[in-house]
Amino acid sequence: MKIVVCIKQVPDTTEIKINPVTGTLIREGVPSIMNPDDKGGLEMALRLKDKYGAEVTVITMGPPQADLVLREALAMGADKAILLTDRKFAGADTLATSNALAGAIRTLKWDLIIAGRQAIDGDTAQVGPQIAEHLDVPQISYVADLEWDNNRFVVKKETEEGYQRLAVAGPCLLTVLASGCKARYMNVRGIVEAYQKPVEIWGADRIEVDEEKLGLKGSPTRVAKAFTKGLKQAGEVFEVDAEEAVGIIISKLKEKFII
Amino acid sequence: MFRQMIREFADKEVKPLAAEIDEQERFPMETVKKMAELGIFGIPLPTEYGGAGGDNIMYSIAVEELSRVCGTTGVVVSAHTSLCLAPIFEHGTEEQKRKYLPKLASGEWLGAFGLTEPNAGTDASAQQTTAVLEGDEWVLNGNKIFITNAGYAHVYVVFAMTDKSKGVKGISAFIVEADTPGFSVGKKELKLGIRGSATAELIFDNCRIPKDNLLGKLGGGFGIAMKTLDGGRVGIASQALGIAQGAMDETVRYTKERKQFGKSLSAFQNTQFQMADLQTKVEASRLLVRSAAFKKDMGQPYSADAAMAKLFAAETAMEVTTKAVQFHGGYGYTREYPVERMMRDAKITEIYEGTSEVQRMVIAGKLFK
């Protein structure tokens, strides 16, 4: 079985602070981590590898320093790592990103692609599903559990109401949730070996995609405005009948000098 | 990346148990199993013997990060790696290495070291334990005390007198397995600090081990012991460094939160200046420790470097933890906060694997040789 896991290096948003004047993220000194949903996805792939044997390739698109997150994946047990890095990829929105990743994956042999549901720095949850569309393969999103049974991937898909159990044959793509499984720690020997294994560096000329579809040129998304959401006090909840509620509302509005 | 991994493990798996194992004086077997899975018990050992293929800098970082949250856990790894795995790797025959190292490195077997005796502490040459060759077996008799990991270790590197007439050159080293008849673990010590670590007596009562379990040359034991302790000092200096850094981290957090006279303790210049001095000492310890580890990795002489690292890191740990308790005030004296435990844990680093006085002897010995 050959599995490709898409991972992303993200700033640790639990440690991020916002500049109160400009309203932008202060990125200096914020550690970079493997996106949690992607780490969950890598763990699921490694569990399939442990149980049935598989070759796990991790791929990311990013600046040269994204090498670190790939080495972390190698130290956890991934077999191969590919870094898509090229100025031509810069300024990519989700569409251009998924085009680049799909273009790279198209040149590989694989049975399953795993992507995290969404990245904590963007929260779009678009890249995984878009890759599946570009490659024209079935996809299941919000996967919390993954098993291999009778040549099919059997997954537990989370929904708002509960979950669905679905089976899908490869080749296919799954987007997974970090909560699905606790990721293993890197292993000491794995860390030593991760620095002895190569990370393949691929530029735009190495993948099968029209350059017009990459980077800023291939990104239809335009950011209109960025702002910091103001803080609001928690409201008060009254569980009373309608007549009494009217009285409370009027007195509250008067209290605030609105009426 | 390595530090990040160990720190994450230490914060999530080791820290939550630190107060409990101290309170109950309980050996953290569950943590040992988890550390084994991560390969923490064979960090500087080459992969051909089942190790991680790392180096002594990595090993030092690991002991530091574990000790930052729990001094006990740090010494379990240090005693195992520096005092048992290392001498077998450095002085063992190929057969001994193949037999013991893979299981020690995987953590399946824990290791320990038996040198100290009731009448042979700092004067380690006054060994009273004896080993006599009878046919194909060595017969060991005597007692060892204050042995870290005793009772939980499977492999013990033990020193005994094989020819009393030769004095120091009559001491030899042996490998003893825990299930050998005639070997037993005696009284467990009740201690001030590192209370989760198992410290006990080893008893050899006509303990017969195979002739091949002699480690190194006959009569070469004292040299092995001294060389082993040089390496051990890198481990203990790392432990002291970790305890000191842990106390600094706790104190920074506390002094930022705690308000008196209308402002945070950290806003007082007295706090800032004292903390700045302490952090400078901690960083100096770190550089001394890593320098000694680096020299060991490079195959250079590092005996005095290890002694300086241990001396300075241990005394810094004692000073930092004592002041950390002071900064915490009454709360620091209670078990609500970890700094009192850190202060108790720090004290042993000035004593074991050579007291601070012994370190000064080693350093002065190099100066005036």
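The values are calculated or read from the model by the stated rules, or taken from the named source; none is laboratory data. Computed from a prediction, not measured in an experiment: that's the story for all the values here. Don't worry about glycine lacking a Cβ; one is built from the backbone with ideal geometry, like all the others, and counts go over all protein chains shown. Side chains are part of the model used for accessible areas, which takes the heavy atoms of the whole protein and leaves out ligands, DNA and RNA. Shrake-Rupley method; radii C 1.70, N 1.55, O 1.52, S 1.80 Å.
Annotations for the structure displayed:
- All of A:59, A:33 fail the test of being outside any helix (DSSP H, G or I), without any contact (Cβ under 8 Å) to a residue 60 or more places away in the chain, closer than 23 Å to residue A:144 by Cα and open to solvent by 10 Å² or more (accessible area, probe 1.4 Å), apart from A:33.
- Search result, residues across the stretch A:179-197 that are within 24 Å of the chain's Cα centre (by Cα) and either of a type in the set (A, V, I, L, M) or closer than 29 Å to residue A:103 by Cβ (or both): A:180, A:183, A:186, A:191, A:194
- Qualifying residue in the stretch A:144-163 (condition: touching a Pro at 6+ places or on another chain (Cβ under 7 Å) and under 22 Å from residue A:46 (Cβ atoms)): no
- Qualifying residue in the stretch B:69-87 (condition: in a strand (DSSP E or B) and open to solvent by less than 20 Å² (accessible area, probe 1.4 Å)): no
- Test: residue in the stretch B:35-45 that is among the small types (Gly, Ala, Ser), in a loop (DSSP other than H, G, I, E, B) and without any contact (Cβ under 8 Å) to a residue 12 or more places away in the chain: no
- Identity of the residue in the stretch B:111-132, of a type in the set (A, V, I, L, M, F, W, C) and out of contact with any helix residue (DSSP H, G or I) (no Cβ under 7 Å at 6 or more places or on another chain), that ends up farthest from residue B:79 (Cα to Cα): B:132
- Residue that is surrounded by the most Cβ atoms within 10 Å (Cβ to Cβ), among those in the stretch B:27-59 that are more than 13 Å from chain A (Cβ to nearest Cβ) and of a type in the set (D, E, K, R): B:30
- Residue check, residue B:326 in a helix (DSSP H, G or I) and within 16 Å of residue B:122 (Cβ to Cβ): no
- Scanning the stretch A:161-183 for residues that are within 14 Å of chain B (Cβ to nearest Cβ) and under 15 Å from residue A:7 (Cβ atoms) turns up just one, A:183.
- Some residue of the stretch A:221-239 being in a loop (DSSP other than H, G, I, E, B) and buried (at least 18 other Cβ atoms within 10 Å of the Cβ): no
- For residue B:94, the conditions (1) open to solvent by less than 20 Å² (accessible area, probe 1.4 Å); (2) without any contact (Cβ under 8 Å) to a residue 12 or more places away in the chain all hold with the exception of (1).
- Residue in the stretch B:197-228 that is most open to solvent (accessible area, probe 1.4 Å), counting only those that are out of contact with any Phe, Trp or Tyr (no Cβ under 6 Å at 6 or more places or on another chain), at negative phi and part of a loop (DSSP other than H, G, I, E, B): B:217
- Every pair of residues 6+ apart whose Cβ atoms lie under 8 Å, when the first sits in the stretch B:287-303 and is within 15 Å of residue B:362 (Cβ to Cβ) and in a helix (DSSP H, G or I) while the second is open to solvent by 70 Å² or more (accessible area, probe 1.4 Å) and not charged (D, E, K, R): B:288/B:308; B:288/B:312; B:292/B:308; B:295/B:301
- The numbered conditions (1) within 18 Å of residue A:7 (Cβ to Cβ); (2) out of contact with any Asp or Glu (no Cβ under 7 Å at 6 or more places or on another chain) are all true for residue A:116 except (2).
- Whether a residue is free of Cβ contacts under 8 Å to residues at least 60 places away in the same chain, open to solvent by less than 40 Å² (accessible area, probe 1.4 Å) and within 14 Å of chain B (Cβ to nearest Cβ) was assessed, and residue A:155 does not pass this test.
- Failed condition for residue B:95, given (1) at pLDDT 95 or above; (2) within 30 Å of residue A:68 (Cα to Cα); (3) part of a helix (DSSP H, G or I): (2)
- Residue within the stretch B:317-339 that is basic (Lys, Arg) and open to solvent by less than 30 Å² (accessible area, probe 1.4 Å) present: no
- Test for residue A:81: is it out of contact with any strand residue (DSSP E or B) (no Cβ under 9 Å at 6 or more places or on another chain), within 25 Å of residue B:8 (Cα to Cα) and open to solvent by less than 20 Å² (accessible area, probe 1.4 Å): no
- Filter result for residue B:62 (within 13 Å of another protein chain (Cβ to nearest Cβ), surrounded by 23 or more Cβ atoms within 10 Å (Cβ to Cβ) and not in a helix (DSSP H, G or I)): no
- Residue within the stretch B:13-26 that is facing another protein chain (nearest Cβ under 9 Å), farther than 13 Å from residue A:191 by Cβ and open to solvent by less than 40 Å² (accessible area, probe 1.4 Å) present: yes
- Yes/no for residue B:53 being in contact with a Pro (Cβ under 7 Å, 6 or more places away or on another chain) and modelled with pLDDT under 95: yes
- In the stretch A:192-219, residue farthest from the other protein chains (Cβ to nearest Cβ) [restricted to those that are open to solvent by 10 Å² or more (accessible area, probe 1.4 Å) and in a helix (DSSP H, G or I)]: A:212
- For the stretch B:146-196, the set of residues classified as among the β-branched types (Val, Ile, Thr), open to solvent by 10 Å² or more (accessible area, probe 1.4 Å) and more than 21 Å from residue B:226 (Cα to Cα) consists of B:180, B:185, listed by residue number.
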